[in-house]
Amino acid sequence: MATQSLTVERKSQIKEQYFDYFLILDFEATCKENEKIYPQEIIEFPVIKINAKTLQVESTFHQYVEPKVYKELTPFCTQLTGIIQDMVDGKPHLEETLQSFDKWMLDNKLLGADTKSLFVTCGDWDLKTMLPSQCSYFKIPVPKYFGQWLNIKKGFAEVTGSYPREMMGMLSSLQIPHQGRHHSGIDDCKNIGNILVELLHRGYVAKASCSNR
Ligand code: AMP
Ligand code: MG
Ligand code: MG
């Protein structure tokens, strides 16, 4: 498979990492403006696999997901995420998407005991709140591998000494150009990946910051 380069490329001393791969994950979900939605459901499920030694993107999992309860996306949600109704209608539901994702993990040799990978998210919402709450609502088991992740904000704070509010602030502080559309899950993954790569170039050693285990 052809590899893609992330934007941030330069020679530097990257420290040895505890993990073989970083799996950048950023869900988008049904939403309303200024109002909670229950149950909130994942509508975009993207994960980018980055090789921890080469820092190259080796594979991408990307699936739009049909919500089961609030099937109609609000205009606010479409405006925020860029996801229109046609992109989710007829798509697999979460349960099937989790099965496809598990196959992707297997095909990418990420499930073997000798391969170590770390999910990387921006904030703890994706894996602490969103996935467990939707899985609980629909009585779907949460795969064990989602039980531990790195919140990139913690890595940013460790390297720079200041705790960031959100992704755009980290990009501008690190002088990384923003790619694509903010709140598109796949584009958010690319930008979070670029932040991680920059932190690694600055000597960061990635570790899990949060765990549901
Ligand atoms: P993000 O990864 O920041 O793009 O956001 C993930 C999800 O959080 C979105 O798909 C929305 O469901 C929700 N979200 C983000 N920002 C807002 C907002 N300003 N108002 C309501 N929901 C939001
Ligand atoms: Mg996010
Ligand atoms: Mg996002």
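Brief remarks on what is shown
- Residue in the stretch 120-129 that is away from ligand 2 (no atom under 16 Å from the Cβ), more than 12 Å from the chain's Cα centre (by Cα), surrounded by 15 or more Cβ atoms within 10 Å (Cβ to Cβ) and not hydroxyl-bearing (Ser, Thr, Tyr) present: no
- Contact annotation: residue pairs with Cβ atoms under 8 Å, 6 or more positions apart or on different chains, pairing a residue in the stretch 15-36 that is among the aliphatic types (A, V, I, L, M) with a partner that is part of a loop (DSSP other than H, G, I, E, B), are LEU23/LEU110; ALA29/GLN40; ALA29/GLU41.
- Those residues of the stretch 159-208 which are more than 12 Å from ligand 1 (Cβ to nearest atom), among the small types (Gly, Ala, Ser) and under 19 Å from LEU118 (Cα atoms), in sequence order: GLY193, GLY203, ALA206, ALA208
- Test: residue in the stretch 149-158 that is within 16 Å of ligand 1 (Cβ to nearest atom), in a helix (DSSP H, G or I) and without any contact (Cβ under 8 Å) to a residue 40 or more places away in the chain: yes
- Residue in the stretch 101-115 that is farther than 17 Å from LYS49 by Cβ, at pLDDT below 95 and away from ligand 2 (no atom under 16 Å from the Cβ) present: yes
- Scanning the stretch 114-148 for residues that are farther than 19 Å from LYS36 by Cβ and touching an Asp or Glu at 6+ places or on another chain (Cβ under 7 Å) yields THR115, LYS116, SER117, THR121, CYS122, ILE140, PRO143.
- Selection of the stretch 80-100 for residues being buried (at least 19 other Cβ atoms within 10 Å of the Cβ) and hydrophobic (A, V, I, L, M, F, W, C) yields ILE83, VAL88, LEU94, LEU98.
- Filter result for the condition that a residue is of a type outside the set (Val, Ile, Thr), within 15 Å of ligand 2 (Cβ to nearest atom), surrounded by fewer than 17 Cβ atoms within 10 Å (Cβ to Cβ) and in a helix (DSSP H, G or I), over GLY180, GLY169, GLY193: GLY169
The values are calculated or read from the model by the stated rules, or taken from the named source; none is laboratory data. Fair warning: this is a prediction, and the values are worked out from it, not measured in the lab. Because the Cβ atoms are built from the backbone with ideal geometry, glycine has one as well, and the counts that use them run over all protein chains shown.
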